[in-house]
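Just so it is clear, none of the values below were taken in a lab; they were calculated from the coordinates. Computed from a predicted model, the values in this text were never measured in an experiment. So basically every Cβ, Gly included, is an ideal-geometry build from the backbone, and we count neighbours across all protein chains shown.
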Amino acid sequence: MLSPSLLSADFTNLEKEFKIMNEEKVDFIHLDIMDGNYVPNISYGPGVVKKLRPLTDILFDTHLMIERPENFIEDFVEAGSDIITIHPSTTKHLDRTLSLIKSYGKKAGLALNPGDSLDILDYNIENIDLVLIMSVNPGFGGQKFIPSALRKISDVKKLIEKRNLKTLIEVDGGIKLGNAKEVLDAGADILVSGSGIFEKGRTRENIKAFKEIL
Ligand code: DX5
Ligand code: ZN
């Protein structure tokens, strides 16, 4: 499955980008929410997400890179998010925040940074729908894929199989047409790609090419 990250889209013409994503039927739209605190960059917030909602029926895959996400879950639910993924270190009570997401009937995701071990999954994986494996350090689009993510993907896959779960594995950062296959082969279910899809105004061609690999 494919989840284009809007961060690299043409923000002066989002209507056009959404039209292409609708016509090419991408599986999700990945929305990167950055607060300038947890990550060294600021993107956009729930107000923008709400404005985008009428442009598509495609599921909004919302990646929160913000401190204290529990304070904003309701806002993103109201804005139209379908999946809400958080980073464990951003919240003091992880289980409570994951439960809050689920209490709205939304899918909950847990993100692992390149330097994070799998330990946090041990007591949380049963409560989540998706593990987001970061293959770059969060904060910016257009970074280089960190190869150790490949082993992490297969380790998470083994854990999911061992526990007989249906948890999805999403991989985010530095995914291009050239490395998509090895990420899938390692065990990824959902590929996020920002610059690999939107750069150079070749959105439609890139989506088509990604879909062929998928
Ligand atoms: C990084 C974001 C990613 C980013 C991916 O913090 O979480 O979703 O937009 O962009 P590319 O595909 O360009 O690495
Ligand atoms: Zn992301």
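Per-structure values
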quantity: Dipole moment magnitude, nearest 20 debye, the stretch 5-107 about Cα centre, only Lys, Arg, Asp, Glu C-beta charged; calculated: 240 debye
quantity: Only Lys, Arg (+1) and Asp, Glu (-1) charged, at Cβ; the stretch 4-47 dipole about Cα centre in debye; calculated: 40 debye
quantity: Partner aspartates and glutamates for Lys208 [C-alpha distance under 13 Å; skip if fewer than 8 residues away on the same chain]; calculated: Glu23, Glu24, Asp27
quantity: Computed over the chain: relative contact order in percent, which uses C-alpha pairs under 8 Å that are six or more apart; calculated: 21 percent
quantity: Prolate/oblate/rounded call for the stretch 100-175, Cα gyration tensor, a/c under 1.5 rounded; calculated: oblate
quantity: Lys/Arg +1, Asp/Glu -1 at C-beta; the chain dipole; positive extreme among Leu150, Thr91, Pro114; calculated: Leu150
quantity: Given Lys144/Lys200; Lys19/Lys157; Lys50/Lys166; Lys102/Lys166; Lys51/Lys106; Lys102/Lys157, the pairs whose alpha carbons are separated by over 27 Å; calculated: Lys19/Lys157; Lys50/Lys166
quantity: Modelled label reach - Met1, point 7 Å along Cα→Cβ, the stretch 100-122 residues with backbone N closer than 15 Å; calculated: 106-110
quantity: Whether the chain is rounded, prolate or oblate, judged on the alpha carbon gyration tensor where a/c under 1.5 counts as rounded; calculated: oblate
quantity: Size of electric dipole in the chain: Cβ of Lys, Arg +1 and of Asp, Glu -1, about Cα centre, debye, nearest 20; calculated: 300 debye
quantity: DSSP beta bridge pairing in the chain, given as percent antiparallel to the nearest 5; calculated: 5 percent
